[in-house]
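See below for the structure under consideration.
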Amino acid sequence: TLSRRTEGMTADSESGGHSECQEHADRIILFCGVALVIGAIVKTLNNYVPYIGIIPFSVSMLLAGMIIGCITLEGSLSGPLAKAVDTMRQIDAHLFLIIFIPPIVFESAYLVNFHTMRREGWQAFTLAFPGVIITLILIAVVAIYIFDYEWDWFTGLMFGSILSA
């Protein structure tokens with residue numbers, strides 16, 4: 001019943017009045033808040049610093065996340081932020097994709113210029129489709145004949161499709 005399911009989530013006086021779920025929720029909220037602040041800083045730097053502006057925002061955020069992750073793993077960062085980064089590092093990859101892929105796809109679809117896409121979409125498709133197929137085959141050949149994994153063609157092509165898309 002409901003009482004059995006929520007039994008492990010009740011506040012505990014030994015843990016300072018917070019349950020383990022509450023601590024994870026606090027860490028996730030802290031992480032998201034810090035990520036938003038870092039995103040605002042990176043976006044401002046992209047807009048106003050000449051040489052940083054040529055780097056795409058998503059690449060800049062990736063680099064900022066990698067720097068914070070490396071600092072956390074090294075042990076230089078401690079306290080609640082380090083615990084928040086550690087909590088997010090242990091999150092399930094599928095959950096992470098379910099959370100972040102829809103906003104990324106929405107942003108891309110929202111910002112696309114319809115008239116430009118209609119006019120030049122066919123050219124993009126005719127160049128992208130063969131490019132992905134060629135890249136898929138080249139990666140599969142490298143994975144099968146150069147890597148020491150003893151993969152068959154199905155596995156090599158699947159690996160190539162993941163990396164080429």
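The values are calculated or read from the model by the stated rules, or taken from the named source; none is laboratory data. Quick caveat, the model's predicted, so the values are computed rather than measured. Positions of Cβ are generated from backbone atoms using ideal geometry, with glycine treated the same way; all protein chains shown enter the neighbour counts. Surface accessibility is based on the protein's heavy atoms, side chains included, excluding ligands, DNA and RNA. Shrake-Rupley method; radii C 1.70, N 1.55, O 1.52, S 1.80 Å.
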Rounded to whole angstroms and listed largest first, the alpha-carbon spread of the stretch 80-165 along its three principal axes comes to 48, 48, 17
Taking the chain and counting helices only, DSSP H stretches of n ≥ 4 at -39,500 (n - 2.57) each over all residues, the nearest-500 ellipticity at 222 nm comes to -25500 deg cm²/dmol
Nitroxide proxy distance, nm - points 7 Å out along Cα→Cβ at S108 and I91: 1.9
Percent of Cα-Cα pairs per 5 Å bin, from 0 to the last occupied bin, for the stretch 82-129, please list those. 5, 16, 14, 16, 13, 11, 9, 8, 7, 2
Relative contact order, percent, of the chain when contacts are C-alpha pairs under 8 Å separated by at least 6 residues? 14
Descending semi-axes in Å of the stretch 30-94, equivalent ellipsoid built from Cα gyration tensor: 24, 12, 11
Counting only protein heavy atoms and a 1.4 Å probe, tell me what percentage of the stretch 62-165's accessible area is made up of carbon and sulfur. 72
Given G160, A93, L36, which one lies farthest toward the positive end of the charge dipole of the chain, if we put +1 on the Cβ of every Lys and Arg and -1 on the Cβ of every Asp and Glu? L36
Cβ crowding within 10 Å averaged over residues, with 108-116, 121-129, 28-36 ranked highest first: 28-36, 121-129, 108-116
In nanometres, what is the gap between the two model label sites at E23 and I162, each 7 Å from Cα along Cα-to-Cβ? 3.3
Placing +1 at every Lys and Arg Cβ and -1 at every Asp and Glu Cβ, with all other atoms neutral, what dipole size does the stretch 31-165 have around its Cα centre, in debye to the nearest 20? 560
Mind checking the per residue accessible area of the chain for me, 1.4 Å probe, whole number of Å²? 80
Taking only the alpha carbons of the chain, what extent do you get along each of the three principal axes, in Å, biggest first? 63, 49, 39
Once you have the Cα-Cα distance between I134 and N47, take 0.36 nm times their residue separation minus that, and quote the gain in nm to one decimal. 27.7 nm
